[in-house]
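Working notes, beginning with the structure itself.
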Amino acid sequence: MKSKKVVKDCPFCEKNVVQRESFYESNYSRILYNIKPVYKGHVLVIPKSHKQDLINLTEKERTDVFNTIIICKKIIQATYKKNACVILIQDGEDAGQTIPHVHFHVVPLDGTRKTQR
């Protein structure tokens, strides 16, 4: 299924970005390379349709996005030999969301970097 709503100034809706950065696609979502990765293998899972907030996804889109996150983790495990991932969503501007298109960060980690308290 193709996204019907394209929003001006949303990089995840720009055809050239999708073609250049996408490496997996399902019916309702896709996985994109992150152009500013925090760690090697840091990717993004996005719905194909432009929705700013998680709550606006349909049930089919939510199910598909979460299944794509599982597939993404399997790809990361096979490619980078990492068993752990941080899966993060910044849902809303106040939560640090900088692109107004719901997206999940999937970041592989191996436990060598510990958060200091």
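The values are calculated or read from the model by the stated rules, or taken from the named source; none is laboratory data. Here the structure is a predicted model, which is why all the values come from computation and not from measurement. Note: areas computed on protein heavy atoms with side chains; ligands, DNA, RNA excluded. Shrake-Rupley method; radii C 1.70, N 1.55, O 1.52, S 1.80 Å.
Summary table
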quantity: 37 °C / 0.692 mPa s Stokes-Einstein diffusion coefficient of region 42-91, Kirkwood radius on C-alpha pairs, µm²/s; calculated: 276
quantity: Rounded to 10°, Cα long-axis angle of helix 59-80 versus longest principal axis of the chain; calculated: 40
quantity: 5 angstrom amide H check on L109, placed H, neighbours 5+ away; calculated: A84, C85, V86
quantity: Enclosed volume per residue, in Å³, of the convex hull spanned by Cα atoms of the chain; calculated: 114
quantity: Percent accessible area from carbon and sulfur atoms, region 1-104, protein chains only, probe 1.4 Å; calculated: 53
quantity: Å² per residue, accessible surface of the chain at 1.4 Å; calculated: 67
